[in-house]
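A short worksheet on the structure shown next.
The values are calculated or read from the model by the stated rules, or taken from the named source; none is laboratory data. Because the structure is predicted, anything quoted here is derived from the model rather than measured. Virtual Cβ from ideal backbone geometry, glycine too; neighbours counted across all protein chains shown.
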Amino acid sequence: MGADPDTDKNRSDVTLSRVQRLRESLVDVEEARVKLVIFELSGRHYAFYGSEVHEILPWTTIYYVPGAPDAILGVINLRGRMESVITINKFLDLPDIARTQNSRIAIATGKGLRSGILVDAIEDIIDVAVSAIKPPLATIDKAKSEFVTGELSHNGKDIILLDLSALYGKITV
Amino acid sequence: MSKGLEKETGNEEIQILTFIINGVKLGVETAQVEEVMEAEESGKAGTGLHEIMCWSASGGRWKDMTAISFDERIPFCGGPVKYASPKVLLVKDKDTPYGIVIDNLSEIISVNLNSVYPLPPLIAKGRGAKAVWGVALDKAELIMLVDFYR
């Protein structure tokens, strides 16, 4: 009757675009997400799954245990519970850790074991889509690859996701 | 009934002889120590079992004692330890006829069993630290507990 052929021609395209956008937003909402704790070691960024990290402590006196492996820095008294504290720098081929005012102890569980891990700083705690975590590059150093479970990029930084069970397993061997 | 409750709440204490090696405070149950002897510099520390002249207060004389330095039995990271004020602990055991050279003998303290903790599992399951069997909490300070028989 007075229909505009151009508008009618485009109407289905417009409708299809709306359907597409709707489907994409539904996928984003349903996509699984994980929490990551990002930390720094020797200027590089690493992460653990947030579900593995119970608590983050400021630096405190670590009591050395003679005879323990080098990766074990010692023991701390955490509210009446004795917790081990380890350094993972050697496993990642990084220089020995040096204490600064930003140093933190992340209490984390892996392989059924719980320990503190000394880090240079806690960078951030983020929620990411599972799909944002990519498998580690094939070019990664073999010595470190057993401890790396994935890689991702966040705020322009490359972050290596570490396998806590593999790290703890190395110490208890 | 009250006696049973007393047993469970445990006012039981252990006596710990404490000493400091390389800045680490350590302790051994006094039940493991026969005698504490003055040690003369032998110059042979770091060579495993070695002969060292010790003053035995109970015998009132100097005598040759086969001894080993603590850090040779339980190593510290950073290499061999230099002993500033060595003493020899004569271990109370017929099958262990030697002394253990320690440093900076401190005091004997009483520690309630409620203040004694096992090592955290990550350390206890690992290699190496077997002779260190637990941790005592004394005035907010941690003391590594050593078993000379291990």
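Observations
- Of the strands (runs of 3 or more DSSP E) entirely within segment B:47-150, those holding at least 3 residues that are under 27 Å from residue B:11 (Cα atoms) occupy B:105-112, B:116-118, B:132-138, B:141-146.
- Top-ranked residue of segment A:81-134 - restricted to ones that are under 15 Å from residue A:162 (Cα atoms) and basic (Lys, Arg), ranked as modelled with the highest pLDDT: A:134
- For segment A:16-62, filtering for residues that are modelled with pLDDT of 80 or more and either loosely packed, with under 10 Cβ neighbours inside 10 Å or not aromatic (Phe, Trp, Tyr) (or both) leaves 27.
- Residue in segment B:80-94 that is under 21 Å from residue A:86 (Cα atoms) and either buried (at least 21 other Cβ atoms within 10 Å of the Cβ) or out of contact with any His (no Cβ under 9 Å at 6 or more places or on another chain) (or both) present: no
- Residue A:105 surrounded by 18 or more Cβ atoms within 10 Å (Cβ to Cβ), of a type in the set (Val, Ile, Thr) and closer than 17 Å to residue A:42 by Cα: yes
- Enumeration of residues in segment B:93-133 that are polar (S, T, N, Q) and either at pLDDT below 90 or in contact with a strand residue (DSSP E or B) (Cβ under 8 Å, 6 or more places away or on another chain) (or both): B:96, B:104, B:106, B:110, B:112, B:115
- Every residue from segment A:108-137 that is surrounded by fewer than 12 Cβ atoms within 10 Å (Cβ to Cβ) and aliphatic (A, V, I, L, M): A:130, A:137
- Residue among A:106, A:132 that is closer than 20 Å to residue A:64 by Cβ and in contact (Cβ under 8 Å) with a residue 12 or more places away in the chain: A:106
- Identity of the residue in segment A:54-78, outside any strand (DSSP E or B) and over 14 Å from residue B:142 (Cβ atoms), that ends up farthest from the other protein chains (Cβ to nearest Cβ): A:59
- Within segment B:95-117, considering residues that are in contact with a helix residue (DSSP H, G or I) (Cβ under 9 Å, 6 or more places away or on another chain) and loosely packed, with under 14 Cβ neighbours inside 10 Å, the one farthest from the other protein chains (Cβ to nearest Cβ): B:108
- Tally, over segment B:29-51, of residues that are at pLDDT below 65 and surrounded by 17 or more Cβ atoms within 10 Å (Cβ to Cβ): 2
- Residue within segment A:79-94 that is in a strand (DSSP E or B), within 21 Å of the chain's Cα centre (by Cα) and among the basic types (Lys, Arg) present: no
- Counting only strands (runs of 3 or more DSSP E) that sit wholly inside segment A:113-173, those with at least 2 residues that are away from chain B (no Cβ under 14 Å) and within 13 Å of residue A:45 (Cα to Cα) are A:121-129, A:148-154, A:157-162.
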